[in-house]
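We did not get these values from a lab; they are worked out from the coordinates using the rules stated. None of these values were measured; they are calculated from a predicted model. Don't worry about glycine lacking a Cβ; one is built from the backbone with ideal geometry, like all the others, and counts go over all protein chains shown.
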């Protein structure tokens, strides 16, 4: 299960405008701040040079990575190449906001080695996009995807949001249809969760979001619709064609090493979990010296159960036992879940069904009792 | 002190009519307590007593009073519990007195407890001295209250002191009347020693301290006492009287006096309230009349919410029982709840108080099973068995007949509510006896009711149907034949023994129906659909379904922020800890509580 090669995560904490549902760390940011930040990142990344770490995925996330210029992103990527030894087949992804990129921008990225792009499309319904406070229309998103294809990207992902206030099963399925018609190979379908302290954290939104039953119905409808379009579900919220899984995200779920750069970027490296504070200023001024350790020796069984049950590959009984899990408990839970159609047996153990994914918190806790 | 100058009396009243406030005023006026030591309502010194405005344990205090005639008097004021659960204790406290101050609220008039306690006092040949309290209230009608006392109780009341214990009006008049109206004790100081135990408590240094009223003879430190009912003997180490804030040792207690005896007694069980104390040196022939061993009337299972706290619960029960001889408990095991105790109580209030004290003073989280009375089951084999735990109810095929305890109840209320009350009593299988008009618009409804119908929530139901105006009192009447069945509750097809209860066959369906509805409300949705069923002998009579929940997931993994997800899961896990795992179903503590209050 352990992949010796690390994944590199670069957090770009800038956004033109904060989306009302988002609680990832980002600021609007002016040009000077951006330059300072890029420089800080570059020197931080390069400091890993003498560790001789090999990496096979790089992921730019945000915020909005494309709030930086294409050249800035490429500059950072070059620093990654200096700080780490990237494999030939390295997956290099950036998240992108459809309205911050054009053909030239994407072309530059592609030419400099980016080979995967993930667009925050969220919905094919403009009314829903407006409610989400997105700056793009669905047309803009379509154009961005076409530009990416034209620029040479053949591994394109789109985000799709489930549970937007006012969204229906029909409008959601229509969004799935339209996204798949765009010819993308990967879709991440996330359920909206109202995070504390975001603009959505208010009574009027809370009262208009889908209730438990409707969001469950929508999720199941989306899974079903995606599968009809040939998208295979490989994780609770992730679907792909031609096995084009997000190799970077898989590292999180497979308990592989990953090293994050930037404020609020998380790492799992050398057996510990750590992150950097949620402050751009602090990161720029003292960079990696302010590493905050969250967990010095993470509970392997806990994390394995929690993460493996997210995947359609499922949990391995052997690994569960080897990490200290109880065989009887595994069998008892497995049988109960399969009987209730919340899971299916696999060669190695069990994997949750879509209905099981919906209950994954309770199921995880069952395996950890 | 000459017996002529001793007055032993108690105060009886309905709840909230001002018994404890009057006691405080008397203490204040006799300067028994320095003002700085006055805590409001001194005699009720348990937190629960103060909060609920009730007296749970009897207490006594000696007061010195210089009367208007210039003579010095010793008053022994004995505070009595006001609740029917403690009727026997009340009767023993009364037996220690020659007189009783009957406090009646000038705006409320006579209530059920007033009646019950007054009759009890009259039965014990006490001089009942009415006092009308709360005359400061705008709604006070002392004239009406006096009329009620004369008409209903039949004692003269027109010249009763009209007081306000709250603001301190006319308290002195009450004390003067105690001297003139309450007879002085008349016991032979030279006769063999004979004293009545009316209370006791456990002191960690001195052992059990018994509160006594000396009827005849005298006692000194060093005398060997004998407790006549238990035949236990102890050497007296300390005797004295009860000061307002502490015990005051004296050399001797004589006939007519009220005081305490400490004799290094280890078990409170040796010192039964109502028992007679005598001395080996000068023993009396006959014990005082009226002693009986009090037996629990209501039983319920008490379990720690967290199974690991079993030992803590045992320790707490042991400590409580040091001071409460009427609390009984023995270990029991429930398939659903694990290890716990079957506890016996004098009544519902007693049960609630014990639970509350366990939770409050010992910091325990408890699950309590539905209270059960003691059923008498006559088996086809000719044997008769008593059942206090529904789980042990025998197979119906082996039962020839079953009997349940009955009570005789009086409900006093404004006549507007007669319809509502009758309907409630009807529902609770009551037999109407008679109805008397106490006044033009107040009635006394007299019913025989099965005890099992009132142990759940009868008083709450009564209050909600009468806007809180009804008062209620009852006494046990014996057993009556009844058509009883055992009702079982099944969760996800599995019987939960802790939820079984015994019910009259005619009420089984509606009770079962309400049980499953309540449980449905209180059991959260889980991974699977949970059928909640009520059954009699395997036959399902009611069913509800707790739907499976659909969504319980944190889909997003926050860019590698595993720890955050872990924290959220941990929080969810904490919530689960408050649940009981019954088979495959998780049941919160509230679900067990909810079925005790079916009337809501």
For the residues A:358, B:247, what sequence is obtained by ranking on other C-beta atoms within 10 Å, fewest first?
B:247, A:358
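Calculate for chain B the 222 nm mean residue ellipticity that helices alone would give, adding -39,500 (n - 2.57) per DSSP H run of length 4 or more and normalising by residue count, nearest 500 deg cm²/dmol. Intermediate values should be presented prior to the final figure.
Details: 14 runs with 146 residues, N = 600.
Theoretical 222 nm ellipticity from helices: -7000 deg cm²/dmol.
Inside 10 Å of the C-beta atoms of A:360-368, what's the mean count of C-beta atoms belonging to other chains?
Numbers: counts 6, 9, 9, 3, 8, 6, 1, 0, 3.
Rounded to a whole number, the mean comes out at 5.
Counting only C-alpha contacts under 8 Å and six or more residues apart, can you give the relative contact order of the stretch A:4-253 as a whole percent? Show your work: numbers first, answer last.
Details: 434 pairs, mean separation 44.2, N = 250.
About 18 percent, as a whole number.
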Counting other C-beta atoms within 10 Å, which of B:158, B:228 has the fewest, and how do the rest follow?
B:158, B:228
Using alpha carbons only, how many angstrom separate the centre of the stretch A:346-368 from the centre of the stretch B:454-497?
44 Å
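Please give the peptides A:65-74, B:86-95, B:380-389 ranked by average Cβ packing (other Cβ atoms within 10 Å per residue), highest first, as a rough proxy for protection. All intermediate terms of the calculation are to be shown ahead of the outcome.
Details: A:65-74: 21.0, B:86-95: 23.7, B:380-389: 13.1.
Result, highest mean Cβ count within 10 Å first: B:86-95, A:65-74, B:380-389.
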Relative contact order, percent, chain B [alpha-carbon distance under 8 Å, six or more residues apart]
10 percent
Return the distance in nm (one decimal) between the two label points of a simple spin-label model at residue B:418 and residue B:233, each offset 7 Å from Cα along Cα→Cβ.
6.3 nm
Across peptide B:545-551, what mean number of C-beta atoms from other chains lies inside 10 Å of a residue's C-beta?
6
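What is the calculated FRET efficiency for residue B:252 to residue B:15, with r their C-beta to C-beta distance and R₀ = 35 Å, to the nearest 0.05?
0.35
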Which FRET efficiency, nearest 0.05, do residue B:476 and residue A:214 yield, Cβ-Cβ r, R0 56 Å?
0.50
Please give the FRET efficiency for residue A:329 paired with residue B:574, using the beta carbon to beta carbon distance and R0 = 22 Å, rounded to the nearest 0.05.
0.65
Relative packing of peptides A:49-55, A:341-347 - highest average C-beta neighbours within 10 Å first
A:341-347, A:49-55
Net lengthening on full extension, residue B:360/residue B:597 (0.36 nm per residue, minus Cα-Cα):
83.2 nm
Mind checking Rg over Rh on the stretch A:4-253, alpha carbons, Kirkwood formula for Rh?
0.97
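Give, in nm to one decimal, the length gained when the segment between residue B:282 and residue B:139 is fully stretched (0.36 nm per residue of separation minus the Cα-Cα distance). Numbers along the way, then the final one.
Details: separation 143, 0.36 × 143 = 51.48 nm, distance 5.66 nm.
So the chain would gain 45.8 nm between residue B:282 and residue B:139.
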Given labels modelled 7 Å from the Cα in the Cβ direction, how far is it in nm from residue A:139 to residue A:4?
5.4 nm
The stretch B:322-375-the stretch A:111-126 distance, computed between alpha-carbon centres (Å):
64 Å
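Determine the shielding of peptide B:563-575 by partner chains: average, over its residues, the number of Cβ atoms on other chains within 10 angstrom of each Cβ.
Values: counts 9, 3, 6, 9, 1, 1, 9, 3, 0, 4, 5, 0, 0.
If you average over the peptide's residues, the count of other-chain Cβ atoms is 4.
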Modelling each spin label as a point 7 Å along the Cα-to-Cβ direction, I'd like the residue B:294/residue B:5 distance in nm, to one decimal.
3.6 nm
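Which of B:1, A:306 has the fewest other C-beta atoms within 10 Å, and how do the rest follow up to the most? The partial results should precede the final answer.
On the way: B:1 12, A:306 25.
In order of increasing Cβ crowding within 10 Å: B:1, A:306.
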Sketch the reach of a paramagnetic label on residue B:427 as a point 7 Å from Cα along Cα-to-Cβ, and name the residues of the stretch B:493-521 whose backbone nitrogen lies under 20 Å away.
B:501-521
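How much length would be gained if the chain were fully extended between residue B:505 and residue B:188, taking 0.36 nm per residue of separation minus their Cα-Cα distance, in nm to one decimal? Walk me through the numbers before you get to the answer.
On the way: separation 317, 0.36 × 317 = 114.12 nm, distance 5.82 nm.
Result for the pair: 108.3 nm of gain on full extension.
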Distance between Cα centroids, the stretch B:206-240 to the stretch A:43-105: provide it in whole Å.
91 Å
